[in-house]
Structures are given as structure tokens and as C-alpha cells.
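The values are calculated or read from the model by the stated rules, or taken from the named source; none is laboratory data. Computed from a predicted structure; not experimentally measured. Heads up, the Cβs are rebuilt from the backbone with ideal geometry, glycines too, and the neighbour counts pull from every protein chain shown. When the accessible area is computed, the model is the full protein with side chains, heavy atoms only, and any ligands, DNA or RNA have been set aside. Shrake-Rupley method; radii C 1.70, N 1.55, O 1.52, S 1.80 Å.
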Amino acid sequence: MRSYLQDIHTNEIQSLINKLINFLGERELEKCLARYRSSLRSSGPIFRDYYLRSRHPWWNTLDIFLGLEKSGKSIRKNLSEDIVRLAGDAKKILILTRLMPEEIKQKYRKDLTDDQRAFDYLFELQIAWHFYLKGYNLKWYANDSIRHSEFLVTTPDLNFNVECKRISVDASRKIRRRDFYRLTERIISSVDKYFGRIEIIINDRLHGSDHFLNLLTSQIIENIESNHFEGEFEIPLGHVKLNLDARKGMTFDFDGALAKLNQELSSKTHGAIFARSLNGRPVDPIIVTLESEKSDVVLKGIRTKISEAVKKQLDTATPGLMTCYLEGIRDFSDLAEGSGLQAMTALLFTGEEFSHIAAIDYCSEPRIDKHQNDDNFYNQSLIFYNPNCKFEKIKDFHFLSNVTRKFEFKLSDLKGN
């Protein structure tokens, strides 16, 4: 067991991040950050703060970190959750890449600077780190292998393949985050005299065309211009609930308000906060939420991605673990029992093509538990074990116990599914 490696001490954060910069390559990193800064300059405030800043796991944090170093400011005195998390990522990468063949190390050096898919590759390393901490050995498959998973885990008792898949539930939703932020930009620009809350429910999916977004915006703004500041009102595309007031220059805790909003939102509701600045403080927040009455097809999208990965990546002669990072899902509390995700997974396990799969593990967006002396960063995990796995020896092996926070179920114990 290597549990001591989970700890990140304040005095090593700056060094770890600089070592990560050296690993990625300073010149390549500066090119990536230049593209990132250019995108920020050409985007609106909502799209910039909610989409571009989270599109890559590190660009925003690295930009802040390098700015602090350039200005000579103390990193220790300006620590944020994101900087600490970045140092944690750096530690994992620096240790794991020492164990890799050179070609695999070079692959990750390139992959982790991919603007569109860096989260995918970072997830692979986070899962590998879990097994490394438990003292197991990792074998990384060469790029020229025709059919392979991310890596093979070898333990004293058994060996098994691990396939990692980042699944954007956004692609299967009636409202995609990118389109929601574009809509919010339009609404915010038309309500600069007010603060409060705008809750929108539409009858159909949110179409991404400029025509549709402009039409929905105009229907909402018409109510406000008719002095409808409070109450629920029908619009041709659905209905809107307003709770607005004239701007007052009222300051508020932006981070706290955002955290509260994220807790309030259901898995199919999108939300964003916009705030103006007065004397360097956020004031007069406007909260916009949007939901569609149409059902999402998220489960179908997840099922398709998993099925394709199992068929193409995991060798049937070796036990396999499928790990899925569900982008956009923050909490599994309502999905552990009696959920569509559980039923869909149980159905997958009835198929002969899944007989070599020992379990499917679903991972949430990153979470943090704050304590007096330290913070605990983790991904919540929901793991379902396959009662029909053909490898008897692996059925009682606990893949992710004692390291990640999780909900754990054996599907054979669940009745009526």
C-alpha cells in the first residue's frame, strides 16, 4: 500500500506544478495558453466563465499560477482549490509516467495538452493511480496493439484489464451546456437593469440554431418589458418564472451562491450566475436556469458508449473492469438504487458479450470535502458488479474499495431489476 502518496503538502505544491510544466514542455504549453487566452478575449462573460474555463482541466489554473509567479507573488499565500488539485494531478502524472515505456510516456505528454480530450486522458491516469496506490503493478499496452484496454492490472491473486471511458452525457441531453450558455449570453445582455432569477422550462429540446435561441430570448424579454417581474408566465415555447428587481449594487458571495445553485439543480437542469462588478466585488446577481419537459436519452448514450468499448477494447480472455467518467454528473445519491442507470447496467450484464466484464464503475465530476486541517479531493464512485461474470475468482475482488468514495452494489442482490 502506498497511501502516504495521497498527501499533498503546501510546501511542495509550487515545485510539483513546475515539474508538470517541464513534463508537458514549456514552449508547447505557452502555445496552448496563448490559444486559451485568445478564446477568452473573443467570448462573452457567461460562455467564458462556464464553458471555456472548464473545457480543459488545467489551462485556467496554469494561467493564474504562471501569473502569480511572474508577478513575484507567493503561491502559498494565494492557494486555491484549483491550484491544489493541479498539484495533485501533477504528482500522479510525474510518478506514473516513470513506470511507462517511453512511447506511452510521449503519448500522454501530447494527449494531456489536447484542448478537446485532455479530460479523457487525465481520467485514465486517475484510475491507474488508484491501483498504483494499492500496491498493484500496471502494464501499459503499446500503441501498436490492435485490440487493447488502457492498461492491465496485476495483483498477487489475479490480473484484469481496465478500460476507461469519459462519457459526455451532454451529447444525449435535450439541453446541451454549450447552447445553454449561448442562450444565457443573449438573455443577460437584455436585462442589465435588473437582478434576480429567471427560470425557464421549454416544451421541446433546446435547438442550437441562432434563430431558435433568438426566438426564445425574445419571448422571455417580452414579458420583462411588459413589467412582468415576478410570477410564472406562459410563452409559445414553454413558460418562464421571473423574480426580478431593479439593480441595487448589492454585494454577495459568488462562490457560495454558485455552490448552492449546483446543489439545487436536478441532473437535467442547467444553471448559471452572472454578476456585475462594483469596487472589485460581485454585485446584483442574475441566475438563469433552463429545463426541458422532453425526456433525455442519456441512458441510451451511456449504453452505446459502454457496449462499443467492451466489444472493441476489452479482451474476452481476461477479466475486465469498465470505468466511466460521467461528465456533468456531480452526485450518485439518487442513482444507486432503483434508478434507470442501475436497470440499464443490469440489462447489459445479461448479454453474453459482457460475460468477461467483472464490474462497471461510474465516476462523478470531482468533489471536495473540506476539513479543518486538510481538504479531501475525490470522485464519487458508483460500482455495479456483474453477477454473470464467467471468471469466478474475480467476483469478490473489490476494485475501488478504501480509496474512492463510492456506492457499491452487487446486482445479484437487487430484486425486481
Residue in region 92-108 that is least open to solvent (accessible area, probe 1.4 Å), counting only those that are of a type in the set (A, V, I, L, M, F, W, C) and either touching a residue at least 60 places away in the same chain (Cβ under 8 Å) or touching a Cys at 6+ places or on another chain (Cβ under 8 Å) (or both) = Ile93
request  = Being under 19 Å from the mean Cα position of the chain (by Cα) and either polar (S, T, N, Q) or buried (at least 18 other Cβ atoms within 10 Å of the Cβ) (or both) narrows it down to one of Ile287, Ile306, so name that one.
outcome  = Ile306
inquiry  = Residues that are under 30 Å from Gln106 (Cβ atoms), more than 24 Å from the chain's Cα centre (by Cα), buried (at least 17 other Cβ atoms within 10 Å of the Cβ) and modelled with pLDDT of 90 or more: does region 182-200 have at least one?
reply    = no
note = Checked Leu335, Leu321 against criteria (touching a residue at least 24 places away in the same chain (Cβ under 8 Å), open to solvent by 20 Å² or more (accessible area, probe 1.4 Å) and of a type in the set (A, V, I, L, M, F, W, C)); the one match is Leu335
request  = Give the residue that is nearest to the chain's Cα centre (by Cα), with candidates limited to residues of region 209-221 that are farther than 12 Å from Ile187 by Cβ and surrounded by 11 or more Cβ atoms within 10 Å (Cβ to Cβ).
outcome  = Phe212
Residue list for region 69-91, filter: open to solvent by 10 Å² or more (accessible area, probe 1.4 Å) and not in a helix (DSSP H, G or I) = Ser71, Gly72, Lys73, Ser74, Leu79, Ser80
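Find the residue count for region 11-65, including only residues that are in a loop (DSSP other than H, G, I, E, B) and closer than 24 Å to Pro366 by Cα. Give the steps one after another, and end with the answer.
Applying the first criterion (in a loop (DSSP other than H, G, I, E, B)) to region 11-65 yields 25, 42-44, 56-58.
Next, from what is left, pick out any that are closer than 24 Å to Pro366 by Cα: 56-58.
Counting residues in region 11-65 that are in a loop (DSSP other than H, G, I, E, B) and closer than 24 Å to Pro366 by Cα gives 3.
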remark   = Looking across region 256-284 at residues that are open to solvent by 20 Å² or more (accessible area, probe 1.4 Å) and part of a strand (DSSP E or B), the single one that is nearest to Asn203 (Cα to Cα) is Phe274
query = When region 24-55 is examined, which residues are found to be open to solvent by less than 10 Å² (accessible area, probe 1.4 Å) and within 21 Å of the chain's Cα centre (by Cα)?
reply = Cys32, Leu33, Ile46
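For region 329-350: of the residues being in contact with a Phe, Trp or Tyr (Cβ under 6 Å, 6 or more places away or on another chain) and at pLDDT 90 or above, which is nearest to Arg166 (Cα to Cα)?
Thr345
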ask   = How many of the residues making up region 131-177 are part of a loop (DSSP other than H, G, I, E, B), of a type in the set (A, V, I, L, M, F, W, C) and at pLDDT 85 or above?
value = 2
